[in-house]
Amino acid sequence: MKHLPGSKHVLCLIAAVALGAVLSSCGKDSGDHLDVIALGFDGVDPRLCERLMDAGELPNLNKMRISGGYSVLGTSTPPQSPVAWSNFITGGDPGGHGVYDFIHRDPSRQCMPYYSAARTIDSDEGWEVDGCRIPLTFWPFNHVAPHTILSRGGTPFWDYLDEVGVPVWVYDIPAHYPPSISRRGNVRCLAGMGAPDLMGGLGGTYQFFSEDVFGVRKEAGGMRRPLEFSRHAATGTLSGPANTYCPDREALIEFTVYRHPKEPAARIEIQGQTIVLAEGEWSSWTKLDFELEMPQFMPNSHVSGICRFYLQQVHPTTRLYVTPINIDPSDPGGQKITEPPEFITNLADSLGLFYTTGFQEDHKALSNRVFTDEDYREQADQVLQERLRLLDYALDHYEDGFLFFYFSSTDLQAHMFWWDSDEKHPVRSPEDARKYNQVIIDLYKRMDGVVGDVVDRYGDEAVILVLSDHGFSNFRWQFNVNTWLRDNGYLQPPNCRSLLSSRPLVDWSRTRAYGLGLNGLYVNLHGREREGIVYPGERDALLDEISEKLLALRDPGNGRPVIAKVYRAEEVYSGEYVEKAPDLLIGYYRDYRASWATTLGDITDEVISDNDSAWSADHCIATFEVPGVIFSNRPVVRVDPSLVDLAPTILGLYGVPPSETMTGGSLFVPGAPSAVSRP
Amino acid sequence: MDTVNSLLIHGANALLWLWDAIGSLLGRLWSALDAILDPILSPVLAVLNPACTVVGDVVYAVLSPVPVWFGLTVLSLLAGVVMLVAFRYVSNQEAIGRAKDDIKANLLTLKLYKDDLRVMFHAQGRLLWAILRLQRYMLTPVLVMLLPMLLGLAQMGTRYQWRPLHSGERTLIRMKLDESLEFAENGRFAADMRYAEDTTYTPVADAKPGVTLEGCAGLIVEVGPIPGGGEMVWRVRGGEPGRYQLRFHAGDDVIEKELVVGEGLRRVSATRVGSDWTTQLLHPAERRLPDRTGVESIEIVYPGVDSRVYGANWWVLSFFVISMAAALILKPVFRVRF
């Protein structure tokens, strides 16, 4: 047989292509997959949704309702976002994932608080030199460098999809920082709420420069620094990330502000970059290179961060706001905020720079009166615009498999602008309260538009789920748990001011119970708390007594009951993390919430006081008061569906059975309600 | 451990001191050289730059129908050939040939007489001497070709480094002021410049800006000028497409600066500079600024050309790779040794 010229090469080429195809399919299912798109709108409230749907204001969501794809969705106990989204992620209750509150306490250090979903592991190992501690991570030293771990337990349901080769895209997911590793490489995940800024703050740390600030002043969520002008030029200093190797050497960047002598405009010169702003303008994202000083014989290390400048005012007093320094998505260095790690740079290549902190809307700047209401509305709108661009990217790059996209806007704008009552607003006039409540209504309409776009694009071929983790309520009065415990003799001495900071401190040898976080109440248990005095045999009686008194409590100002439900951990949770749970979870009626002081253990004079914060709406109350919503383009037939049903639903769509730790069932299959979150 | 730490820290300090000393020495040398070259090269460049710009315009008019990458390739190939030919006639080919033969011979010696230390050392010394000779013979053609090459590269830079401002696109205009004139008896303008730097906020009612920018269709001024730090900065947006002369009124003087708005690649002069020869060399497309206006330079921050082949900074790499490859390949054709 006569061979064609070059036939050997052709055969080799075909063989190579075939081999490549086989190899590339290893570990991945190359077939087409069902499309499932879930949009998570944090804090969307069923009451408002239903009112707006009835009024014809949410046509796209209403279409789903008419076709049977709508239900109120049971939230978590307590209804806090990290807890609720952890229920969504794992398909189980907090007993299975270990997140009970934003704030947990370490009983081995009595009640030292920490963020519940991620922890930084400090290390005292390293070479001590020149005032620094350098971990030598190589053999034979094998020091451990400080690092952050995801402390939420449980298995994300998309790991099971990963195992069977379903492509998964998860954007901005809360309570999942740092994101877990994808075993089969089918998961693309961007961490959301819980991802810190470069300074390590959970909510981010803004920096505010003003002529009327004298000396550096730190406050919750930010810091204020002075700007002193001479000949219309002033020098400011931006703080950067903590230098974990040489803690005494701060990473600072100096910049100069030149203001126009009479016009409302200024120029900022920073690291060779020039930003010219008129009053009221925001800069685009600016890259900053923070130099971390190392011992003299070592090269300094560099960390890239991004921020935006907002020239709030020029004359007569110049005020300049700088956003928290976000991790630079185009150069994240050692910070892992996506899985796989290079996913974040892919996003930055396509979209440019964007917010990478978990909390993007700077509500603390509004609470601390750095922002006006309008400033906050504008900043929150910028966040939303960025997220909508990210959603466009997500949809453009989505072919099949499971896609989840999270929006924080509906939650963090509602916290600051929601007010559906004619009663007096904590900080606004009735007209302003109505005006800004309209912002929330408009936001719901925009979200309806987003849903409409997704349905138009994928409605025929994809299962679409639209969900929220909880609803909303006005926050008019704050209840200080520790003041109540002190006044009722559970917390001693009678004049104590704090569990942790202000003197006189609590006397733990006489204290039987304490409150920490937004809903948690703990017994000072012997053998668990470092200075515990309540023996396990006494615990139940004490909890019964406290629960009874709390439920009987009336607000002396108006005679209304304050607490709707007190949950016992062992009654509402099951799983390996139940031991970490607060002994009691306090479920408030609408309009009430734990006081600001309570969350970190401070004790005020009054048990119940007016909420005087711009943070005027909340959801950390009784579970039944603030359920979320579920919409779908398929009929939802499950009775009383709950967040924990989402994981089995999505797995079921791909024919993957739910894991043993999942407590719910499919929304699309008739069935009994889940055991959890149905108090 | 403390001794080791101390040694490391003192060693690092010594190295840093040495580094600073070398930097300082080089800085002084450059200053001295600059002082010698400036009075010679500055007027020369004032004559050469406009001529080169005319030549550049003709060349790019010829290349305009072909894709940008192709034009760059052609120019790089031509430059490689021209360099090769120039090298042949400017250099001492015979001496270069001898030096290269010496290098080869001594390398061979090193290979053959590995066991004879005396021969090895002798060959190494001769090898080093041959290399030094070769460098010396190369120096003359390099010096001869340096200025034409830099002039050519500067012309290419005006086409590949920046692109015109798009309509609606935002950028900055920076006018750098000559601070040494701050107290000069230079009439109203110098006084206005000083005002821009020195005045305090009150009273401002009668304050006048030292520089104004005349309106033109190619530009929309959004903010500015903001004075400070020895310069004035405007934030602007591109207007209607075209090539414009911006007119800055600085006291009694009117200073012009070219602006290009539009799509595609065209000759773009990012900065109009003063009499300093190094900046004239880098920014050849506009006449240098008149002396004693109080303005050192005017820069329009044009966006860089976005291409990994002919874009900002990449074009230099492409040029050198292609021209060097052409020179190496064509070396035997032109019978050049280097």
Rounded to whole Hz and in sequence order, give me ³J(HN,Hα) for the range B:239-254 from the Karplus expression 6.51 cos²θ - 1.76 cosθ + 1.60, θ = phi - 60°, writing x for Gly and Pro. x, 6, x, x, 10, 10, 10, 6, 10, 9, 9, 10, x, 8, 8, 10
How many Å² of accessible area per residue for chain B, probe 1.4 Å? 56
Placing +1 at every Lys and Arg Cβ and -1 at every Asp and Glu Cβ, with all other atoms neutral, what dipole size does chain A have around its Cα centre, in debye to the nearest 20? 220
Sequence gap at least 6, Cα distance under 8 Å: using those rules, report the relative contact order of chain B to the nearest whole percent. 24
Summed side-chain charge close to residue A:430 - residues other than residue A:430 whose Cβ falls under 12 Å, Lys, Arg +1, Asp, Glu -1: 0
Which is the longest stretch in chain B that no exposed loop site breaks, taking sites as GluC sites (Glu not before Pro) with a DSSP loop state and at most 10 other Cβ atoms within 10 Å? B:1-184
Among A:96, A:272, A:595, pick out the residue whose Cα is farthest towards the positive end of the charge dipole of chain A, where Lys and Arg carry +1 and Asp and Glu carry -1 on C-beta, about the Cα centre. A:96
Computed over the range A:476-624, protein heavy atoms only, probe 1.4 angstrom, the accessible area per residue in square angstrom equals 40
Please name the residues of the range A:231-253 whose accessible area, counted over protein heavy atoms with a 1.4 angstrom probe, falls by no less than 40 Å² between the chain alone and the full protein assembly. A:231, A:232
Ranked by how many other beta carbons lie within 10 Å on average, peptides B:276-283, A:452-459 from highest: B:276-283, A:452-459
Charge tally in the Cβ shell below 13 Å around residue A:212, where Lys, Arg are +1 and Asp, Glu are -1, residue A:212 excluded: +3
Restricting to DSSP loop positions (anything but H, G, I, E, B) with no more than 16 other Cβ atoms inside 10 Å of their own Cβ, which trypsin sites (Lys or Arg not before Pro) remain in the range A:413-455? A:424
Restricting to lysines and to Cα separations under 20 Å from residue A:565, and discarding same-chain partners fewer than 8 apart, the set is A:549
Straight-distance crosslink candidates among lysines, where the alpha carbon sits under 17 Å from residue A:424 and sequence neighbours closer than 8 are dropped: A:435
Set A:218/A:336; A:218/A:364; B:176/B:257; A:63/A:445, cut-off 18 Å on Cα-Cα distance; pairs above it are A:218/A:336
Given a 1.4 Å probe and no ligands, DNA or RNA in the count, how much accessible surface is buried by B and A, both sides, to the nearest 100 Å²? 2200
So which trypsin sites (Lys or Arg not before Pro) in the range A:358-402 pass both tests, a DSSP loop state and at most 12 other Cβ atoms within 10 Å of the Cβ? A:369
Other residues with Cβ under 13 Å from the Cβ of residue A:476 give, with Lys and Arg +1 and Asp and Glu -1, a net charge of -3
Relative contact order %, the range A:132-290, counting alpha carbon pairs below 8 Å whose residues are six or more apart: 12
Of every hundred units of 1.4 Å-probe accessible area on the range A:476-624, the number belonging to carbon and sulfur atoms, as a percent, is 48
In chain A, helical segments from DSSP H whose Cα atoms cover 15 Å or more along their own axis and that average at least 1.6 on the Kyte-Doolittle scale are A:7-25
How about residue B:331: which aspartates and glutamates have a C-alpha closer than 19 Å to its C-alpha, ignoring those fewer than 8 places off in the same chain? B:94, B:101
Report the one residue of A:611, A:624, A:484 whose Cα lies farthest in the direction of the positive end of the charge dipole of the range A:476-624 (charges on C-beta: Lys and Arg +1, Asp and Glu -1; origin at the Cα centre). A:611
Considering chain B as a Gaussian network with a 10 Å cut-off on Cα pairs, which listed residue, B:97, B:11, B:311, attains the greatest mean-square fluctuation? B:11
Based on DSSP H assignment, which helices of chain B show an axial Cα extent of at least 20 Å together with a mean Kyte-Doolittle hydropathy greater than or equal to 1.6? B:68-90, B:314-330
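I'd like the mean, over residues of B:240-252, of how many other protein chain beta carbons sit within 10 Å of each residue's own Cβ.
Rounded to a whole number, the mean comes out at 0.
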For the range A:318-331, take each phi angle, set θ = phi - 60°, evaluate the Karplus expression 6.51 cos²θ - 1.76 cosθ + 1.60, and give the result in whole Hz per residue in order, putting x for glycine and proline. 7, 10, 10, 9, 10, 4, x, 6, 7, 4, 6, x, 8, 7
Residues with amide H under 5 Å of residue A:224's amide H, sequence separation 5 or more or different chain, H placed in the peptide plane at 1.01 Å from N; which? A:208, A:217, A:218, A:219
What stretch of chain B, leaving out the sites themselves, is the longest with no trypsin sites (Lys or Arg not before Pro) in a DSSP loop having at most 12 other Cβ atoms within 10 Å? B:115-307
Roughly how many percent of the accessible protein surface of the range A:198-333 is carbon and sulfur, given a 1.4 Å probe and a whole-percent answer? 45
Which of the residues in the range B:11-42 lose at least 20 Å² of accessible area when you go from the chain alone to all protein chains together (probe 1.4 Å)? B:12, B:13
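Given the rule -39500 (n - 2.57) for each run of at least 4 DSSP H residues, summed and divided by the residues of chain B, what is its mean residue ellipticity at 222 nm, to the nearest 500 deg cm²/dmol?
Result for chain B: -19500 deg cm²/dmol, rounded to the nearest 500.
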Tell me the carbon and sulfur percent of the accessible area for chain B, rounded to whole percent, probe radius 1.4 Å. 65
Need one number: % antiparallel among DSSP beta bridges in the protein assembly as shown, to the nearest 5. 75
Rounded, prolate or oblate: which fits the range A:476-624 when a ≥ b ≥ c are the square roots of the eigenvalues of the alpha-carbon gyration tensor, with rounded for a/c under 1.5 and prolate only if a/b beats b/c? oblate
Per-residue accessible area for residue A:212 at 1.4 Å probe radius, Å² rounded to 10? 70
Along the charge dipole of the range A:218-282, which of A:261, A:223, A:240 sits closest to the positive end, that is, farthest toward it, with unit charges on the beta carbon of Lys, Arg, Asp and Glu (+1, +1, -1, -1)? A:261
Protein-protein interface of the range B:216-238, residues with accessible area decrease of at least 40 Å², isolated chain reference, 1.4 Å probe: B:223, B:226, B:227, B:235
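The values are calculated or read from the model by the stated rules, or taken from the named source; none is laboratory data. Fair warning: this is a prediction, and the values are worked out from it, not measured in the lab. Don't worry about glycine lacking a Cβ; one is built from the backbone with ideal geometry, like all the others, and counts go over all protein chains shown. Heads up: the accessible areas ignore ligands, DNA and RNA and are worked out on the full protein's heavy atoms, side chains in. Shrake-Rupley method; radii C 1.70, N 1.55, O 1.52, S 1.80 Å.
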